[in-house]
1. Between beta-carbons, use under 11 Å as the cut-off and find the net charge around Asn84, counting Lys and Arg +1, Asp and Glu -1.
2. Got the relative contact order for the stretch 12-218 handy, in percent, Cα pairs under 8 Å and 6 or more residues apart?
3. By how many degrees, 0 to 90 and rounded to 10, does the Cα axis of helix 12-37 deviate from the longest principal axis of the chain?
4. With contacts defined as alpha carbon pairs under 8 Å and 6 or more residues apart, what's the relative contact order of the chain in percent?
5. Tell me which label goes with the value of percent of Cα pairs over 29 Å apart computed from the coordinates here: (1) 57; (2) 67; (3) 39.
6. Find how much the distance from Thr58 to Leu133 grows on full extension, using 0.36 nm per residue of separation minus their present alpha carbon separation; answer in nm with one decimal.
7. May I have the extent of the alpha carbons of the stretch 12-218 along their three principal axes, as whole Å values ordered from largest to smallest?
8. Which value in deg cm²/dmol, rounded to the nearest 500, describes the helix-derived mean residue ellipticity at 222 nm for the chain, given -39,500 (n - 2.57) per DSSP H run of n ≥ 4 and division by the residue count?
Amino acid sequence: MTLANTEDSYGLATRLLHWLTAALILVLLPLGLIAEQWPYETAAQLAQKMWLFSLHKTLGVAVFFVALTRLVWMATQTRPRLLNGDKPLEAGLAETIHTLLYIALVATPLTGWIHHAASEGFAPIWWPLGQSLPLVPKSEPLSAVFSGLHLVSVLTLVAALGLHVAGALKHHVIDRDATLRRMVSGVRAVGTGGTHTGRAAGLAALAAAMIAVGGGAAVGLYAPPQSPRDAEPAPIVAETGGDWLVSDGTLAITVSQMGSDVSGTFADWNARIDFSETPVDGSHGTTEVTIAIGSLTLGSVTEQAMGADYFNVAAFPTATFRADLRPGDDGTFLATGSLTLRGAEVPVDMPFTLQIDGDTATMNGSLTLDRRDFHIGDSQTNAGTLGFDVAVNIALTADRSR
C-alpha cells in the first residue's frame, strides 16, 4: 500500500483526504442548517446558537485547508486512467462535476469565512489566529454579499455532491466496475485508455459556477436582509431645544463578545443642552440626552440585542441621560447625573472635552457602564461570553441657539 497514486490506483494519501473531506461535509451541512434554524429568544438559546455556529465555522475553515491540501497533492500526483474512457460524453460529464465539486469545496468555506470577517460580533472561530482577514473590512453590505455567495456555494456543493455520489453508485451498481472500490480500498483497476478531459471540463465547471452566482444575484441574495424593525422604525427623538442645538454627532457603544469587540451606533438620539461658558455656583448648566434604543445597529447581533433578555426594546424603547455640567480637571468638564435605561436609573459621571469656536462647540466624552446595573443579559454570567463592561463614546457638534 503506497501513499502515491499510480496509473491504475489511488494512493493512501488521496483516499484519506477524500474521505476526510466527505466526513467534514456530512457534518457541516446539517450543522449549518441546525445553527441557522436554532431559536434565540432567551440568553441560553442564544449561547447555544453561538456555540453551534462557532463549531460550524471552525470546521468550515478546516475544510478550506483540507481542500487546498487536496488540490496541491492532486497537482503532484499521477491521475489514474478512467474506467469509462471509451465513453467520452459520460467521462466529460463526470470530470465537469468533479471539477465543479472542487470549486465549491474551496468557495463554500472561503465565502463563509469572508462573511464572518466582515461581520461585527456573534460566533467566533475557535482558533488563536484572530477573526479578521487581510483586506476584509468590517462592513455589513460586504458581509451581506458574501453571505449570499456562501449560500450559492452551499447549494452548488450539494448539487455537485449529489451528482458525484450518483455517478459513483452508477459505476458500482450498474457498470459493476472498480471506480468506487478504487477510492474505498485502493484496488488496482486497469483503465480503458481514456484520458481526463482537463481544460474542457474546467471551463464547463467554471461556467456552471458563474451561472449559479448570477442566479443568486437575480433573486437578490446579495442585498442586505431587511430587518423586521425596518418596517417599524424606532421612535424619532424630537429636537429637545436648549441654548445649544446639536447639528452632528455620534453615539457609539462597544461590548466584548466571546473575546472580540463588537461596536455599534445609535442612529436616533438628541440632546437638550443649556451651557454657560462661565460657571454659576460651580455649574456650567445642564443636559438631557434622549436615545431611541431601537435605532441601535450592533453588527450581526443587532436583532438579538433588542430581545427581552437584553435591551427589551418593546418594553423600554428609549433611554435618558440627565446631568449637571461641571468643571473637571485640567480644562475638562464632567457631566454628573443619571442614566435611565431598561427601567433602571443609575448614577453616571462622564468626563468630556469641549472646544468652543464662536457659535460652534465640539464635544467628546466617554465612559464605561456595567450592563448588569441595567439587568441587560442577566443570564449571561460569564464575562468571557458577554463582557460586563460597555464602553460608551459620544462626539457631537452643537451650534449656539439664537
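Please treat every number below as a calculation from the coordinates, not as lab data. None of these values were measured; they are calculated from a predicted model. All Cβ positions, glycine included, derive from the backbone under ideal geometry; neighbour counts span all protein chains shown.
1. With Lys, Arg at +1 and Asp, Glu at -1, the neighbours total -2.
2. Relative contact order comes out at 28 percent.
3. 40
4. Relative contact order for the chain comes out at 15 percent.
5. Label (1) holds the value from this structure.
6. The span from Thr58 to Leu133 would gain 25.5 nm if fully extended.
7. 59, 34, 30
8. Taken over the chain, the calculation gives -13000 deg cm²/dmol.
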